Amino acid sequence: MRKLFLFLLMAFAAKAQLSSKAEVVLVTVAPGKELHSAFGHTILWINDPTNGIDRAYSYGTFDFKTENFYLKFLMGTLPYTISVHSMQDEFNYNAQYEKRGMIAHKLQLDSLQKNAIFQALETNLLPENREYAYKFFYDNCSTRIRDMIEKNAPGKYQWNQNPSLEGKSYRDWMNKYLEPNSWVTLGMNLALGVPSNVKANASQACYLPDNLAAATNLAPKLAANPVSLFDEEIAPETGFDFTGPFVILGLLTLLIGFLSFKQAFPYAADVTLFGLIGILAWFVFFLGTATNHEVMAWNPASLMLFPLNFPLVIWFARNPMKWKRYLQVISVLCFVGLVWSGMQFLPMFLAGLPVFIRLVSLSFIKK
C-alpha cells in the first residue's frame with residue numbers, strides 16, 4: 001500500500017503545474033569537513049507557495065546500506081540517485097547541523113521553463129530513472145543541475161563570458177579544495193590518470209558547485225543577486241602538519257639516500273620498501289585498468305611506482321648484479337613517471353623519489 005501511495009504521489013507531482021508565483025532557486029552549499037562533502041553541494045529548489053510545493057532536489061546521493069557498498073564504490077559501480085526533501089530539512093542538516101554556508105540564486109525563468117525543469121526533476125525521481133552512474137568530474141550533483149538548466153532554459157549560460165573559470169584542469173580545480181600537505185590529497189592525486197589533466201572549459205569547471213554558482217551569478221539575466229541563507233563560521237587557520245607527506249616523505253628520502261650512499265641499506269629494508277610501494281602500485285594499476293573510473297586510466301604513477309617491483313624485490317634486492325639490466329630499465333621508467341607525476345601535482349614527486357633513489361643505487365652505484 002505504501003509503494004502504491006508513493007507511486008500515485010509521484011504521478012500526481014509529475015502532472016502538476018506550477019503557479020505564476022513559483023520560484024526555481026539554485027542553492028549552493030559550502031564545502032564540509034568530511035571528504036565526501038569537501039567540494040560542496042548543489043540543490044535545486046522548487047518553491048510554489050500557491051500550490052504548497054516545497055521540493056529541494058539533490059543529485060549524487062547514495063546509501064551506505066547498499067549491498068557490497070565498498071566494493072561497488074571502489075569499482076565505480078555504486079548506484080547514485082536523485083533525492084528530494086523540503087528546504088527546511090536541507091537547511092536544518094547543512095546549516096544548523098553541519099554549519100555549512102548556503103547561498104541562494106533565484107533563477108529568472110519564464111513559466112514554461114520553470115514547469116519544464118519541475119517536470120524533468122519529477123521524471124528523474126521515478127523509480128526507473130532515479131539511479132545513475134556517478135562520475136565525479138563529469139556527472140555529479142552540480143553537472144546534473146547545470147545540464148537541467150541548460151536543457152530547459154537554453155542560452156541562459158554564456159560560457160565565453162566566464163574567463164575566471166577557464167585555464168585549470170580538472171585536477172587543478174579539485175586540488176583547490178584540498179590541503180596540499182595531506183595524505184588524502186596525495187592519495188587522490190596518485191589515483192588520478194591523464195584524463196584528469198585535461199583543461200576544463202567554463203562549463204566543465206562547473207562540476208564544482210562554487211563554480212556553477214559563479215557562472216550563474218555572471219550569466220546575464222539568469223539570476224537575481226545571491227542571497228545568503230546561512231553564513232558559515234570562518235575556520236581557524238591550521239598550522240603546518242609535521243606528520244604530513246612533505247615531512248615524512250622528505251625524511252624518508254634523506255634516510256634512504258644516506259643509507260644507500262653508505263651501502264648500508266639492509267635486504268629486509270629493500271623488501272619492506274618495495275613491498276609497501278609495490279602494493280600501492282598494484283592498487284593504482286588496478287584502479288586505472290579494472291574499474292569504471294575512466295579518470296584513473298593512463299596513470300604515470302604506475303611508471304613511477306612500478307607494480308612488478310613487488311614481488312621481484314625478493315630476488316633483485318638479494319642479488320642486484322644479476323638484475324642490473326632490469327633495474328636500469330626500471331630506473332629510467334621511474335624517472336619518467338617521477339617527472340610526469342610531479343608536473344601534474346608536485347607532492348607526487350616526493351612519493352616516488354625514495355623508490356627512484358633506491359633503484360639508482362641498486363642499478364648504477366652498488367657493486
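Would you call Ala235 assigned to a loop (DSSP other than H, G, I, E, B) and either open to solvent by 60 Å² or more (accessible area, probe 1.4 Å) or of a type outside the set (A, V, I, L, M) (or both)?
Values: assigned to a loop (DSSP other than H, G, I, E, B): yes; either open to solvent by 60 Å² or more (accessible area, probe 1.4 Å) or of a type outside the set (A, V, I, L, M) (or both): yes.
Yes; evaluated as a whole, the condition is true for this residue.
So for the stretch 95-103 (the condition being free of Cβ contacts under 8 Å to residues at least 24 places away in the same chain and among the aromatic types (Phe, Trp, Tyr)), does at least one residue qualify?
Yes: one or more hits.
Can you name the condition, by its number, that Val84 falls short on among (1) open to solvent by 70 Å² or more (accessible area, probe 1.4 Å); (2) under 27 Å from the mean Cα position of the chain (by Cα)?
So Val84 meets the others, but not (1).
Residue check: is Asn292 on the phi < 0 side of the Ramachandran plot, within 24 Å of the chain's Cα centre (by Cα) and loosely packed, with under 15 Cβ neighbours inside 10 Å? Walk me through it before giving the result.
Numbers: on the phi < 0 side of the Ramachandran plot: yes; within 24 Å of the chain's Cα centre (by Cα): yes; loosely packed, with under 15 Cβ neighbours inside 10 Å: yes.
Yes, satisfied.
When you go through (1) under 30 Å from Ala133 (Cα atoms); (2) touching a residue at least 12 places away in the same chain (Cβ under 8 Å) one by one for Thr289, which number turns out not to apply?
With (1) under 30 Å from Ala133 (Cα atoms); (2) touching a residue at least 12 places away in the same chain (Cβ under 8 Å) applied to Thr289, the lone miss is (2).
Quick check: anything in the stretch 295-304 more than 20 Å from the chain's Cα centre (by Cα), farther than 20 Å from Val336 by Cα and open to solvent by 20 Å² or more (accessible area, probe 1.4 Å)?
no
Count, please, the residues in the stretch 54-69 that happen to be modelled with pLDDT of 95 or more and either outside any strand (DSSP E or B) or surrounded by 18 or more Cβ atoms within 10 Å (Cβ to Cβ) (or both). Quick ask: steps written out before the conclusion?
Within the stretch 54-69, the subset modelled with pLDDT of 95 or more is 54-59.
Next, only the ones that are either outside any strand (DSSP E or B) or surrounded by 18 or more Cβ atoms within 10 Å (Cβ to Cβ) (or both) stay: 55-59.
Matching residues across the stretch 54-69 total 5.
List the residue pairs whose Cβ atoms are under 7 Å apart, where the first residue sits in the stretch 37-56 and is closer than 18 Å to Ala16 by Cα, the second is of a type in the set (D, E, K, R), and the two are 6 or more positions apart or on different chains.
Going by the 7 Å Cβ cut-off, the qualifying pairs are Ile46/Arg55; Asn47/Glu23; Asn47/Asp54; Asp48/Lys21; Pro49/Lys21; Thr50/Lys21; Ala56/Glu90.
Looking only at residues that are in contact with a helix residue (DSSP H, G or I) (Cβ under 8 Å, 6 or more places away or on another chain) and open to solvent by 40 Å² or more (accessible area, probe 1.4 Å) in the stretch 251-262, which one is nearest to Leu353 (Cα to Cα)? Give the steps one after another, and end with the answer.
From the stretch 251-262, those in contact with a helix residue (DSSP H, G or I) (Cβ under 8 Å, 6 or more places away or on another chain) are 252-253, 256-257, 259-261; that's our starting set.
In the following step, the residues that additionally are open to solvent by 40 Å² or more (accessible area, probe 1.4 Å) were identified as 252, 259, 261.
On the way: Leu252: 9, Leu259: 15, Phe261: 15 Å.
So the residue we want is Leu252.
For the stretch 117-229, list the helices (runs of 4 or more DSSP H) that sit wholly inside it and hold at least 2 residues that are open to solvent by 30 Å² or more (accessible area, probe 1.4 Å) and of a type outside the set (S, T, N, Q); which are they?
Numbers: elements: 141-152, 170-175, 183-191, 209-218.
The qualifying helices (runs of 4 or more DSSP H) are 141-152, 183-191, 209-218.
Scan the stretch 323-356 for residues that are aliphatic (A, V, I, L, M), in a helix (DSSP H, G or I) and surrounded by fewer than 22 Cβ atoms within 10 Å (Cβ to Cβ) and jot them down.
Of the stretch 323-356, the ones aliphatic (A, V, I, L, M) are 327, 329-330, 332-333, 336, 338-339, 343, 346, 348, 350-351, 353, 355.
The next check asks that each one be in a helix (DSSP H, G or I); those that pass are 327, 329-330, 332-333, 336, 338-339, 343, 348, 350-351, 353, 355.
The answer is Val329, Val332, Leu333, Val336, Val339, Met343, Leu350, Leu353.
For the stretch 238-254: of the residues being in a loop (DSSP other than H, G, I, E, B) and of a type in the set (Ser, Thr, Tyr), which is nearest to Leu109 (Cα to Cα)?
Taking the stretch 238-254 as the starting set, the residues that turn out to be in a loop (DSSP other than H, G, I, E, B) are 238-244.
This time we only want the ones that are of a type in the set (Ser, Thr, Tyr), so: 238, 243.
Values: Thr238: 43, Thr243: 51 Å.
Only one residue tops the list, namely Thr238.
Taking Lys72 as the residue in question, decide whether it is basic (Lys, Arg) and surrounded by 13 or more Cβ atoms within 10 Å (Cβ to Cβ).
Working: basic (Lys, Arg): yes; surrounded by 13 or more Cβ atoms within 10 Å (Cβ to Cβ): yes.
Answer is yes for this residue.
If the Cβ limit is 6 Å and pairs must be 6+ apart or interchain, which residue in the stretch 116-140 that is under 20 Å from Pro154 (Cα atoms) and at pLDDT 95 or above pairs with which residue that is outside any strand (DSSP E or B) and small (Gly, Ala, Ser)?
Short answer, once both residue conditions are applied: Glu122/Ala13; Glu122/Ala14.
The values are calculated or read from the model by the stated rules, or taken from the named source; none is laboratory data. Computed from a predicted model, the values in this text were never measured in an experiment. Glycine also receives a Cβ, built like all others from the backbone with ideal geometry; neighbour counts cover every protein chain displayed. Surface areas here come from the heavy atoms of the whole protein model, side chains and all, with no ligands, DNA or RNA. Shrake-Rupley method; radii C 1.70, N 1.55, O 1.52, S 1.80 Å.
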